[in-house]
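Below is one structure, written out as structure tokens; the observations come after it.
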Amino acid sequence: MSHMDGPGIVIVGAGPAGIGAADVLVRAGLRPVLIDEGRRPGGQGYRKSDPTLGLSLGYARAANYKRIHAVFTALETQIDYRPETLVWSVDGRAAYLAERGAVVDASLSYDRLILATGATDKIAPVPGWTLTGVYTLGGAQVILKDQGCSIGRKVVFYGSSPLLYLAAAQYIEAGAGKVTILDTTPFARKAAASLKIARAPSVLCNGVALLAGLKARGVTIVSGVSGLRIDGEDGRVAGVSFQAGRRPMRLDCDAVAIGHGLRAETQLAELAGAELAYDATFDQWLPRTDADGRAADGLYLAGDGARIGGAAAAELAGRVAAMACLADLGRSIDKAELIRLRTRRDAYHASQEGLAQAFAWPRHAFADLPDETVLCRCENVTAGAVRAVARSLEGVSDINRVKALTRCGMGRCQARMCGLAAVEVAAAARQEAAEALTYYRPQPPVKPIFIPEPALSEV
């Protein structure tokens, strides 16, 4: 498979970070390959809805959304854009691709690789979360934006994340029925973090406006929720039971969307040579990079796949990473512009640290998670099974040993959904900190792919 003349630069991810990086490279006279797992550019945050659905969601009217899509439209004829294409592995300066789900015959070689792989929902499992009608926050947004469908008529948004409020607002605007927000962190914690969030004033202002809009629409918001259990009937969601302070409560609902912030997609980065380290602010393992996104020789990382920062920070980080790539190629760059981009990016990152404090990962809940609760949906492994093996391996700090003995994280998602929760359950069982354990090692393919059977003539 051939690609552009000049240095071969491949960008993985067509969200704000990937589009920002591509814009910088095109302005420098290069033609990068931009690989997009989605059908349309924009990533999760700036995902375009199907125009045939006629949706008019507020995020699509926002200035940043319009601007990032305008940038892509101007770039499209000057880049090698490949939608519906998954990079399922990287090795030896080559990316291995699956187009529309099927593996292609040849790899794509590169001289420089910019990974803008984004993030997925960070999940803290609760009893009943495997019932039909339970979705991640991101999944609920995708269904709304791609198919114009609500996940239910009475929807509970549960967890601890700014996305709880954003997703609920999008559902209300799209005409969904009753919407309730159950937030595991108390409101006082958010107020205490407001000064740090205000490092990026637009983030704080948008959050306050979002909250006010939800209250004006009559959305019920309960803060400081604990002990949530999703109740089912005939295998489907029928309601939720929880504690609001010391008061037990129950709500009828037919769908639940859950999420506790974002988990960086780091598998390709690690396969490409990046090292990971535990980040106590975001409660997960993140790649090590320098100030401009360099992670290894010829490897640059940007956006939420490197550091949780949100869409605005992602675009700035993509531009910084592309400038670092140009500098390493011996191309001249505007150093004053680089400093300006870094400064703006760092302000958003500081604001996101405030949000991480305001919307806490419910670490205390993992010790109390009932043994029968399923942790790994793919392999149907329970919290009790993980606890028992973790205790038997006292002194062994590798979560991959727990994986080998329980199969937790060995299924189709490769621990992308259950990995952080499994570490927390294992650590709590041994009364250790989560960072005392190593994290799951990535294995290609990083996501499920289809490998066609050879024709009989080829056997």
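Every residue in region 5-41 that is of a type in the set (A, V, I, L, M), closer than 16 Å to residue 118 by Cα and part of a loop (DSSP other than H, G, I, E, B), please. Answer for region 5-41, where residues must be of a type in the set (A, V, I, L, M), closer than 16 Å to residue 118 by Cα and part of a loop (DSSP other than H, G, I, E, B): just 14. Considering (1) open to solvent by 40 Å² or more (accessible area, probe 1.4 Å); (2) modelled with pLDDT of 95 or more, the lone condition that residue 397 does not fulfil carries the number (2).
Among the residues of region 72-94, how many are closer than 20 Å to residue 266 by Cβ, open to solvent by 40 Å² or more (accessible area, probe 1.4 Å) and of a type outside the set (Lys, Arg)? Residues in region 72-94 being closer than 20 Å to residue 266 by Cβ, open to solvent by 40 Å² or more (accessible area, probe 1.4 Å) and of a type outside the set (Lys, Arg): 3 in total. Do we find a residue being within 28 Å of residue 363 (Cβ to Cβ), in contact with a helix residue (DSSP H, G or I) (Cβ under 7 Å, 6 or more places away or on another chain) and open to solvent by 10 Å² or more (accessible area, probe 1.4 Å) anywhere in region 143-159? Taking every residue of region 143-159 in turn, at least one turns out to be within 28 Å of residue 363 (Cβ to Cβ), in contact with a helix residue (DSSP H, G or I) (Cβ under 7 Å, 6 or more places away or on another chain) and open to solvent by 10 Å² or more (accessible area, probe 1.4 Å). Only one of the numbered conditions (1) among the aliphatic types (A, V, I, L, M); (2) within 24 Å of residue 14 (Cβ to Cβ); (3) touching a residue at least 60 places away in the same chain (Cβ under 8 Å); (4) surrounded by fewer than 19 Cβ atoms within 10 Å (Cβ to Cβ) is not met by residue 163, and that is (4).
How many residues does region 95-125 contain that are open to solvent by 10 Å² or more (accessible area, probe 1.4 Å) and out of contact with any helix residue (DSSP H, G or I) (no Cβ under 7 Å at 6 or more places or on another chain)? Within region 95-125, residues that are open to solvent by 10 Å² or more (accessible area, probe 1.4 Å) and out of contact with any helix residue (DSSP H, G or I) (no Cβ under 7 Å at 6 or more places or on another chain) number 13. Specify the residue that is surrounded by the fewest Cβ atoms within 10 Å (Cβ to Cβ); the eligible residues are those in region 321-358 that are in contact with a strand residue (DSSP E or B) (Cβ under 8 Å, 6 or more places away or on another chain) and in a helix (DSSP H, G or I). Filtering region 321-358 for residues that are in contact with a strand residue (DSSP E or B) (Cβ under 8 Å, 6 or more places away or on another chain) and in a helix (DSSP H, G or I), the one surrounded by the fewest Cβ atoms within 10 Å (Cβ to Cβ) comes out as 328.
Kindly check whether there is at least one residue in region 443-450 that is touching a residue at least 24 places away in the same chain (Cβ under 8 Å) and part of a helix (DSSP H, G or I).
To start, the set of residues in region 443-450 that are touching a residue at least 24 places away in the same chain (Cβ under 8 Å) comprises 443-450.
When the remaining residues are screened for being part of a helix (DSSP H, G or I), the result is none.
Scanning region 443-450 turns up no residue that is touching a residue at least 24 places away in the same chain (Cβ under 8 Å) and part of a helix (DSSP H, G or I).
Look through region 264-307, keep the residues that are among the polar types (S, T, N, Q) and more than 14 Å from residue 349 (Cα to Cα), and return whichever of them is nearest to the chain's Cα centre (by Cα). Per the stated criteria, the residue is 266.
For first residues located in region 167-186 and closer than 16 Å to residue 358 by Cα and assigned to a strand (DSSP E or B), partners that are of a type in the set (Lys, Arg) and at pLDDT below 95 and lie 6+ apart or on another chain with Cβ distances below 9 Å form the pairs 183/190.
Kindly indicate whether residue 310 is open to solvent by 10 Å² or more (accessible area, probe 1.4 Å) and more than 18 Å from the chain's Cα centre (by Cα). Taking the combined requirement at face value, the residue does not satisfy it. Do we have any residue at all in region 67-81 that's at negative phi, of a type in the set (A, V, I, L, M, F, W, C), under 21 Å from the mean Cα position of the chain (by Cα) and modelled with pLDDT under 95? Taking every residue of region 67-81 in turn, at least one turns out to be at negative phi, of a type in the set (A, V, I, L, M, F, W, C), under 21 Å from the mean Cα position of the chain (by Cα) and modelled with pLDDT under 95. Of the set (1) open to solvent by 20 Å² or more (accessible area, probe 1.4 Å); (2) not in a loop (DSSP other than H, G, I, E, B), all apply to residue 273 but (2). Of the listed requirements (1) surrounded by 14 or more Cβ atoms within 10 Å (Cβ to Cβ); (2) closer than 30 Å to residue 24 by Cβ; (3) modelled with pLDDT of 95 or more, residue 291 misses just one: (1).
Would you confirm whether or not region 121-140 contains a residue that is basic (Lys, Arg) and outside any loop (DSSP other than H, G, I, E, B)? Looking for residues that are basic (Lys, Arg) and outside any loop (DSSP other than H, G, I, E, B), one finds none in region 121-140, hence no.
Considering region 325-382 alone, what residues qualify as being among the acidic types (Asp, Glu) and more than 18 Å from the chain's Cα centre (by Cα)? Can you show your working first?
Here is the first cut: in region 325-382, the ones among the acidic types (Asp, Glu) are 328, 334, 337, 346, 353, 368, 371-372, 379.
328, 334, 337, 346, 368, 371, 372, 379, listed by residue number.
Just one of the listed residues (254, 234) is in contact with a Lys or Arg (Cβ under 8 Å, 6 or more places away or on another chain), open to solvent by 30 Å² or more (accessible area, probe 1.4 Å) and farther than 30 Å from residue 24 by Cβ, and it is 254.
To keep it simple, each residue is scored yes or no on (1) modelled with pLDDT of 95 or more; (2) within 29 Å of residue 87 (Cα to Cα); (3) open to solvent by 70 Å² or more (accessible area, probe 1.4 Å).
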| residue | (1), (2), (3) |
| --- | --- |
| 420 | yes, yes, no |
| 423 | yes, yes, no |
| 426 | yes, no, no |
| 438 | no, yes, no |
| 454 | no, yes, yes |
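The values are calculated or read from the model by the stated rules, or taken from the named source; none is laboratory data. Worth saying up front: this structure is predicted, and the values here are computed from it rather than measured. With ideal geometry, Cβ positions are generated from the backbone for all residues, glycine too; neighbour counts draw on all protein chains shown. Quick note on the areas: whole protein, heavy atoms, side chains included, nothing else; ligands and nucleic acids left out. Shrake-Rupley method; radii C 1.70, N 1.55, O 1.52, S 1.80 Å.
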